[in-house]
Structure formats: structure tokens, C-alpha cells
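Everything on this sheet refers to the single structure shown next.
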Amino acid sequence: MESPSLTTPAAVRTTAATPSISFGWSGPASSIAYDESGMQACLLNIEKPVYCVRVADRIGLTNEGSLSPYTTGDTGEILAVIPALAADQLGDPDFCRVYGLRYAYAAGAMANGIASEALVIELGKAGYLGSFGAAGLSLARIEAAIQRIQEALPNGPYAFNIIHTPNEPSIEKKVVELYLQKGVTVAETSAFLGLTPNLVHYRAAGLSLDPAGNIQIGNHIIAKVSRKEVAIKFLEPAPEKILTQLVQEGRITQQQANLAAKVPMADDITVEADSGGHTDNRPLVCLIPSMVALRDEIQEKYQYPHPVRIGAAGGIGTPNAVLGAFQMGAAYVMTGSVNQACLEAGSSDHTKKILAQAAMTDVTMAPSADMFEMGVKVQVLKAGTLFPMRAAKLYDLYMKFNSIEEIPVEERDKIEKQIFHRSLEEVWADTVKFFTERDPEQIDKANANPKRKMALIFRWYLGLSSRWSNSGEQGREMDYQIWCGPSMGAFNDWTRGTYLAEPGNRRVVEVARQFLIGAAYLYRVESLKTQGVQPSFRMSTYRPLSLRDGD
């Protein structure tokens, strides 16, 4: 009789590779598991092959033995064979080679240091790539992070973020100059709508020729995009106009400009689907095939020695999502929302607690602090906070009026009492102090333009709300801005009832390990199915509890 945990059509007697030949299995009969837990252990032993064997009328799994064309002397008959698949075999090995990784897995740069030094260091030590969340931080804070991470990971791997700041181009320029000065050779870019001279400077300044005349790329770019028109700019070489400008300004040499015309702007394109923060809310299953096809088209045109790799981000919150991304052709996966609920993240304990309770539907779009005037929105958590509603109110007022003075008195009172918790004059004084240290030009522009001044006052709230969430500002819990995508809810669903359901057990390396081993396990389950063997429901599900010591 068949095992209740494994079923197979009566006609299935051979492997899919050789349907006309019956294969036999030879090995110790004691190694065959027929019970559900034993068979799960075989599938979980991902660094060894799995043989699905029929002995008499029983079907089981084993990691031992060998197969050959069936003879009457064999111990059993082979119904399916699954090769070994270690976690470090998932994804593109070239991605690992370039960045010195063991695994094709990265943690994205969550702004304001949510992707903290500790997060980057822990991932780097374990063979994963972490990107420090430099966006929104002062240069001094970023420089301190560079020093700490470089001391802990002198040979990498690590990356630092460059976020597009259309309203503060001088900040973007200073960040790039700091990276070049400090030897930061891997940058993850985000929120770019097009190429800027600063970004091209970073790329071109790292180009050189080796003794054999081959182009050496010293400064790598991992570009996060969600639109094809933006992806094209990173898949193609830097524009000649910008390169000429940089040469004239003395920021790069003519040779570097010539070399930049022969390489793509990015080494990797991270396709960002429905994610936390800046997002177009697009489905990964549509984006990945589209971007891979676009990459292939541009590669055909330019014939780069090393094609640009395509990675996947947004919605990566379970091993199923990880496996799906790899199966669609992703060279690597990048996580975001789930990491800020981990111990190493730079978010507060209160924020981590409510993130651990979030459902997939507990997210919404709200005005962005860095691109407020442009109407750009970010995806945030709506459960446990009033930030989305209050931020939307500020944007509505910004669109209706041309200055703070035009806003009706009763509305101004509500802003001061319910949102700011202080007077507009005090908020403006804080804003002046902030930009005097960061970018004095912004104050000059605001004084000359009442609507711009209103925008800066409103951005005070949007900017501080995310910092309150990180620092755990008491009394401001209902104003916390928590960037979050639906993957957080999917992660909570997957971990419910396991040790990872508790925020105190969520460590970024453990989450990464569970994702990759789970993806390999699920791949083996699907391989059984495609060979005509149907595992039970419980065997078809991977739960993180199965890897915890003592479970």
C-alpha cells in the first residue's frame, strides 16, 4: 500500500528523465523513511540528494544509496530523484563572486539608519550583503557608520545607500564625495527617476584599465527600480552629456569618461515590486519577466562582457516568495520590511512590536517627506498609528493654499494641537536650525517662496515622524511613520505559532537562513510533484520551527 504521506499515480513507475526505463535503488533499507517526520527530514537534508523509493507496496524517501537500471536484485524501485540543492546554490553565483558573498541574498537600505550598522555587520559576517540606510542622515552620522562598518568588515561585504534628493542636490553630491573619499565601493541607489551627475560621478570615478586592457569597475551600483524607463537608464552607459560635464568640472578624467561609455551604469538592477517606502505597488510576477526581457534586449545591443544581473525585492516575506523570485530568473533576492522587525534594525522596540502584529492589509500610502512637493507617496503601516491620515491632511492643505497665512485659523489650530503639538512659529524655528546645518540654501528659497516655506514646515512633521519611530519617542506613538509593505504581514502569517513569531527571536541572519533553506526545501517538494509523487499537505509546507535547535 502507498504511504499516506506520499501518493503516486499507478502508472508512474519511472523517472521523468528516462520514461521507457525503470530504475532501481540499492542501499540500506533502514535508511528509508516512511513516516511523515522522517521524510521531511530527508527533504530538509538539502545538501544530499533525495530518492523516492517503492519497496513492496510502501513508498518512502531516503538520502542514501544509489540508482541504476532496475534489476530484480535491487532493494526498491525509484519513483523520483531530487539532486542536492544547498542554500548557497540558489541565485546567480556571479552576484556572490563580485560582492564576496556566500549567498545571493541582500538586505536593502532602509532609511534613517533602520538598516543599521549592526544589521549590515551581522549579515556581512555570515556571507550576506547588507546595505546601510544612509538616506535622511547627516554626513557626520554616515561617516561614523562607514568607520564602524569598515572596521568590522575590512574586506566587506557591505553597501551604502544613495537616495535621489531632487530638492537637495547638494546633499546627494556630498554623500557621493564622502563615499569616494572613504572607499565605499558598493552603492545601492533608490528613488532615482533619472541619472544625475553625482551618480555618474560615483560610477565613472571607479573605472580603470588592468594591464591586459580590460575595464575594471571599482565602484559598483545596485540600482533599485520599478519602471522600465528608469531601468533603461541604468542598463545603458552613462550619457555623453553628463560625462563631458564631469570632465570639464575636473571630477573625472577623460579616460574614465571613455570607459564609462562602454559599461552599464549599474552592475545590478533590483526590481522593486510592492514594498515598504517608495513603491509603485506593482506585482513581482509581472515585473521580473519584463525586466529580464528588457535586460536581454539591451545586452544584445551592447554586448557587455558581464550582463547586468536582475534581482527581486518587494513582497519577499516567506520562503515561497524567495523560491518564486529565483524561479522567475532573479539573480538574487533583497528583503526590506521584514528586516526592520529584527533585533539588529535601528527601529524602536515599540515599532518592532506592532510590526510583528501587522497583517498584509495593514498598509497604506502616505505623502513622502523627501518628495513631498512632487506628490510622491510611500507605503507605510496604518495599524497602531495615525500618521497616514495626518500626513494626508497636511498634503491636502499644501495643495489648497499657497502659504501658511492663507490656511484658515481653525485649521492652523488643529495642526498645532493635534499634529505638531507645538506652534507653527516653533516648528519654523526648528526647520531653520535644521537646514542651516544641512543645506542653508533651502532656507533662502523658502523665504523667497511662501508655498515652499509651507512645504518645509509640513515636512518637519513627515521627517521627524520616522525618527520618532526609530528612537521610540514617548508620547508620539500615534505619529510614528513606519515604512512597511505587505510582505511584513505575510512573514507574520508564516511565523505564527513558531519561535520567530516573537520579536525578541527575530535576528536578521536567522531570517535570511530560514528563507533560503525554506526555499530549497520547497523546491525539492515541487520536484517530487513534477515527477508524479504528491507529498502530504504538511510535507508540502515549510515552517521555521523545523530548524530551531531542540525542535
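The values are calculated or read from the model by the stated rules, or taken from the named source; none is laboratory data. Not measured: the values here are computed from a predicted model. Heads up, the Cβs are rebuilt from the backbone with ideal geometry, glycines too, and the neighbour counts pull from every protein chain shown.
Could you please tell me which pairs satisfy a Cβ distance under 6 Å, a separation of 6+ or placement on different chains, a first residue in region 373-386 that is at positive phi, and a second residue that is in a helix (DSSP H, G or I) and among the hydrophobic types (A, V, I, L, M, F, W, C)?
Pairs found: G384/I354.
When you go through (1) over 30 Å from P237 (Cα atoms); (2) outside the structural domain of L287 (by TED's automatic domain parsing); (3) not hydrophobic (A, V, I, L, M, F, W, C) one by one for T318, which number turns out not to apply?
That leaves (2) as the condition not met.
Before we move on, is R148 out of contact with any helix residue (DSSP H, G or I) (no Cβ under 8 Å at 6 or more places or on another chain), closer than 24 Å to S348 by Cα and not aromatic (F, W, Y)? Outline the logic, then answer.
On the way: out of contact with any helix residue (DSSP H, G or I) (no Cβ under 8 Å at 6 or more places or on another chain): no; closer than 24 Å to S348 by Cα: yes; not aromatic (F, W, Y): yes.
So R148 does not fit the description; no.
Results for (1) within 20 Å of G277 (Cα to Cα); (2) of a type in the set (A, V, I, L, M, F, W, C); (3) not assigned by TED's automatic domain parsing to the domain that holds Y304, shown as yes or no for each residue.
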position	(1), (2), (3)
I146	no, yes, no
T165	yes, no, no
P169	no, no, no
V176	no, yes, no
P211	no, no, no
H220	no, no, no
K228	yes, no, no
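In the list T279, T270, which residue meets the criterion of being hydroxyl-bearing (S, T, Y), under 13 Å from G485 (Cβ atoms) and within 18 Å of the chain's Cα centre (by Cα)?
T279
Of everything in region 26-45 that's among the hydrophobic types (A, V, I, L, M, F, W, C), in a helix (DSSP H, G or I) and touching a strand residue (DSSP E or B) at 6+ places or on another chain (Cβ under 9 Å), which residue is farthest from A519 (Cα to Cα)?
A29
Being over 15 Å from the mean Cα position of the chain (by Cα) and of a type in the set (S, T, N, Q) is the filter here; which residues of region 480-500 pass it?
Across region 480-500, the qualifying residues are Q481, N492, T495, T498.
Scan region 450-471 and give yes if some residue there is touching a residue at least 24 places away in the same chain (Cβ under 8 Å), among the hydrophobic types (A, V, I, L, M, F, W, C) and surrounded by fewer than 16 Cβ atoms within 10 Å (Cβ to Cβ), otherwise no.
no
So R102 ticks every box in (1) buried (at least 18 other Cβ atoms within 10 Å of the Cβ); (2) touching a helix residue (DSSP H, G or I) at 6+ places or on another chain (Cβ under 6 Å) but one. Which box is left unticked?
Going through (1) buried (at least 18 other Cβ atoms within 10 Å of the Cβ); (2) touching a helix residue (DSSP H, G or I) at 6+ places or on another chain (Cβ under 6 Å) one by one, R102 breaks only (1).
Are there any pairs, at least 6 apart or on different chains, whose C-beta atoms fall under 8 Å, with the first in region 52-63 and in contact (Cβ under 8 Å) with a residue 40 or more places away in the chain and in a strand (DSSP E or B) and the second among the aromatic types (F, W, Y) and surrounded by fewer than 24 Cβ atoms within 10 Å (Cβ to Cβ), and if so, which?
Note: pairs meeting the criteria are R58/Y34; I59/Y34; G60/Y34.
List pairs: first residue in region 219-238 and over 15 Å from D296 (Cα atoms), second residue in a helix (DSSP H, G or I) anywhere in the structure, Cβ distance under 6 angstrom, at least six positions apart or on different chains.
N219/Y202; N219/R203; I221/R203; A223/F234; V225/A231; A238/V200; A238/A260
Output the helices (runs of 4 or more DSSP H) that fall wholly within region 104-216 and possess 2 or more residues being free of Cβ contacts under 8 Å to residues at least 24 places away in the same chain, or say none.
Answer list for region 104-216: 139-152, 169-182.
Among the numbered conditions (1) in contact (Cβ under 8 Å) with a residue 40 or more places away in the chain; (2) part of a helix (DSSP H, G or I); (3) within 24 Å of Y128 (Cα to Cα), tell me where Y542 comes up short.
(2)
If I go through region 327-375 residue by residue, how many of them are more than 30 Å from G504 (Cβ to Cβ) and not assigned by TED's automatic domain parsing to the domain that holds I457?
Residues flagged as more than 30 Å from G504 (Cβ to Cβ) and not assigned by TED's automatic domain parsing to the domain that holds I457 within region 327-375 amount to 5.
Do we have K228 as surrounded by fewer than 21 Cβ atoms within 10 Å (Cβ to Cβ), among the basic types (K, R) and within 22 Å of V176 (Cα to Cα) here?
No, not satisfied.
Could we say that R507 is out of contact with any Asp or Glu (no Cβ under 9 Å at 6 or more places or on another chain) and either surrounded by fewer than 22 Cβ atoms within 10 Å (Cβ to Cβ) or in the same structural domain as G133 (by TED's automatic domain parsing) (or both) here?
no
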